[in-house]
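For reference, the structure is listed below as structure tokens.
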Amino acid sequence: MFIKACGPSLTIRKMQALLRRLPFDDPNRPLIENDYGKFYAGFRGEASLVYYLSFLDDKPYLIFHDLRLPIHHHFFQLDYLILSNKFALILEVKNYSGTVYFDPQFDQLIRTTQQDVEETFPDPVSQVEQHRANLLKYLHDQKLSPIPIETLVVFSNPYTQLKTTQGNHKITKKVIHKERFLQSFQVFENKYSKESLTQKSMKKASKTLMKSHTPFDQDLLLKYQVHKETLMRGVHCPLCFTLPMEKLMGKWRCNTCFHQSKDAYIHSIQDYALLIDTEITSKNFRNFLDISSASISTKLLNSMNLSREGQSRSVTYQLKLDE
Ligand SMILES: [Zn+2]
């Protein structure tokens, strides 16, 4: 059962909002699009595992996608964590294409693309072992019951050719293509028969993990040196993302896909929260969504049942970032 479902990270959602709102001729666009492409490919690789994980649905496993947990003033991030009452399993998902060679001598991974370009990456097996050490530390810090922790590096692209030196058993045991996931999982299931966690301590662990999860929250305008005044204003189409929609009597209409919606503004206000601030004044709301009437703007804001701070003219509304 998925406790934390597979979905795009906060960074990906921020990048989508930024690309929606950044003018097409902005000089920063190519760099941001390139970065977004990499992040999104990584996410798609992780999402492609959901099919295999769904086979564990009828068993009492708790599955967490993309947890970011604190230990000793820094964070570590797990692509997937699967928790049972007998063992835990960390999955590190890689979406590299081409040929990858695990170099055991220097603990590095050398990827060769189809165009024969070589690139070196940190060894994912060492990476996932580091995650394992971090998770052990985390469980100890949080006073959660200890549990054996297994690790796997999963390649999400079935066409990636995996290579290493002969007899490098560390790699052949720890690195798999996603298609072999269920067989590898079965090996762990057979290995552990002793119950390490009671029902109660599993519940506690699940609760604590979700509470500790701290998404990486980056100010993208600062990172890419984009001034907020540059961003395009108006309400975007929640279906095809065209900006702006046209305001008609009590609703918005998209002139590209002709979708009509009374509450399209709710999606656009998420863009404000993702890119600018999680609190907003009535004036900024009106300006960002390009609403000509102050009374309509206030009416829409009030209809969202947001918590407020301050009095009359200086009131600010608190926006929530939907998970
Ligand atoms: Zn549209």
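Values quoted throughout were computed directly from the atomic coordinates according to the rules given, and no laboratory measurement underlies them. The model shown is predicted, which means the values in this text are computed figures rather than measured ones. With ideal geometry, Cβ positions are generated from the backbone for all residues, glycine too; neighbour counts draw on all protein chains shown.
Structure values in brief
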read-out	value
GNM result for the chain, Cα springs below 10 Å: residue of Arg313, Arg286, Arg29 fluctuating most strongly	Arg313
Computed label-point distance, nm, for sites Asp277 and Asp35 using a 7 Å Cα→Cβ extension	2.3 nm
Bins of 10 Å from zero: percent of alpha-carbon pairs in the range 1-79	16, 36, 29, 15, 4, 0
J(HN,Hα) series, the range 80-85, from Karplus relation 6.51 cos²θ - 1.76 cosθ + 1.60, nearest Hz, glycine and proline x	9, 10, 10, 10, 10, 7
Under 14 Å, Cβ to Cβ, from His74 - net charge with Lys/Arg +1 and Asp/Glu -1	+1
Förster radius 56 Å - calculated FRET efficiency between Ile3 and Phe24, Cβ distance, rounded to 0.05	0.90
For the range 189-251: span of alpha carbons on each principal axis (Å, largest first)	63, 34, 23
Qualifying chymotrypsin sites (Phe, Trp or Tyr not before Pro) for the range 257-306 [loop in DSSP, other Cβ within 10 Å: at most 11]	Phe258
Choice from Lys163, Lys173, Lys223 showing the highest fluctuation, given a GNM over the chain with Cα pairs closer than 10 Å	Lys223
Among Leu248, Leu22, Leu49, residue whose mean-square fluctuation peaks in a GNM of the chain (springs only between Cα atoms under 10 Å)	Leu248
Gain upon complete extension [Thr99, Gln318; 0.36 nm per residue less C-alpha separation]	74.0 nm
Of Lys247/Lys283; Lys4/Lys262; Lys137/Lys203; Lys143/Lys178; Lys14/Lys299; Lys137/Lys211, pairs whose Cα-Cα distance is over 23 Å	Lys4/Lys262; Lys143/Lys178; Lys14/Lys299
Helical mean residue ellipticity (222 nm; -39500 (n - 2.57) per DSSP H run of 4+; nearest 500) of the chain	-11000 deg cm²/dmol
Gain on full stretching of the segment that runs from Lys251 to Arg68 - 0.36 nm per residue minus C-alpha separation	62.0 nm
Proximal aspartates and glutamates relative to Lys86, as straight alpha-carbon distance under 17 Å, when same-chain residues fewer than 8 apart are discounted	Asp57, Asp58, Glu150, Glu189, Glu195
Cα-Cα separations in the chain greater than 38 Å, expressed as whole percent	29 percent
Where a label projected 7 Å from the Cα of Lys163 along Cα→Cβ would reach, residues of the range 89-115 with amide N under 14 Å	98-104, 109-115
Where no second cysteine Cβ lies under 4.7 Å, the cysteines concerned in the chain	Cys6
13 Å beta-carbon shell around Lys170, net charge (K/R +1, D/E -1)	-2
Mean shadow area of the range 228-276, taken as a quarter of the surface of its Cα convex hull (nm²)	3.3 nm²
